1. Of K142/K195; K79/K142; K48/K142; K40/K142; K48/K134, which ones are farther than 28 Å apart at the Cα?
2. Enumerate by residue number the GluC sites (Glu not before Pro) in region 77-174 meeting two conditions: DSSP loop (anything except H, G, I, E, B), and at most 15 other Cβ atoms within 10 Å of the site's Cβ.
3. Give, rounded to the nearest 20 debye, the magnitude of the charge dipole that region 75-173 has about its Cα centre when Lys and Arg contribute +1 at Cβ and Asp and Glu contribute -1 at Cβ.
4. Given H placed on each backbone N at 1.01 Å, which residues far from L186 in sequence or on other chains put an amide H within less than 5 Å of it?
5. So how far apart, in nm, are the two label points at E163 and K142 if each is 7 Å from Cα heading toward Cβ?
Amino acid sequence: MKTSSLILGILVVLPTLTVGQTVAPSSSGNPPQIAFDITKADIDTLLKNPDRDQPLRVVDMGKYNLEVAIIHRDPTHDKPGDPITVAYHDQTAETYIMLSGSAILTTGGTILNKRLRLGYNIVNGPGGDGVAGKDAYSRRVKAGDVVIIPAGVAHGWSQITEELVYLSVRPDPDRVLPGGYVSPLLLKNPPVETK
């Protein structure tokens, strides 16, 4: 399946929001009555930005928020057996949808030298980082793979030989991410409605 078909098959978006616009959170707890599109052109625009982890949107789904982010990681120069830096997010799970490249993903286990990150932004809420313990699980993932990482589970990358690109879909039941956020780089060319 082509990357553009995968992206369009997973995400749906509203083309009428302006760049950087936010939508007021739902106070009724009711889900929105509209769909939200994220086009391949939107993703390509954000991939030109040097930031590694970029939220495209945080949608207020009524009872929870849902974030979609695009992530790209440059090649690493580590060797098998080197310590693996991992992150964890206290309140948000992640689903990775691998678009291109391959690497070793290490998850779970004990986090050594664990420390909180202060000043977390809209990307993934409160959490921290550390080093993967010997009880962590490592495997190679590649384009087309999907990985689900529950809240609090350590996760980190190693042995990236070419740029790695993936979508991250983050459910946010505690609403630690700002519902209604839209990346200022998103929707520069809104899709045209087809009749």
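None of the figures in this text is laboratory data; all of them are computed from the coordinates on show. Just so you know, these numbers come straight off a predicted model, no measurement behind them. As a convention, Cβ positions derive from the backbone with ideal geometry for all residues, glycine included, and neighbour counts pool all protein chains shown.
1. Details: K142/K195 37 Å; K79/K142 18 Å; K48/K142 21 Å; K40/K142 19 Å; K48/K134 36 Å.
In this structure, K142/K195; K48/K134 exceed 28 Å between Cα atoms.
2. Numbers: sites: E94, E162, E163; in loops: E162, E163.
For GluC sites (Glu not before Pro) across region 77-174 that sit outside H, G, I, E and B with at most 15 neighbouring Cβ atoms in 10 Å, the list reads E162, E163.
3. Details: 9 positive and 10 negative charges, 38 e Å.
In total the dipole reaches around 180 debye.
4. Amide H neighbours of L186: G20.
5. 2.0 nm
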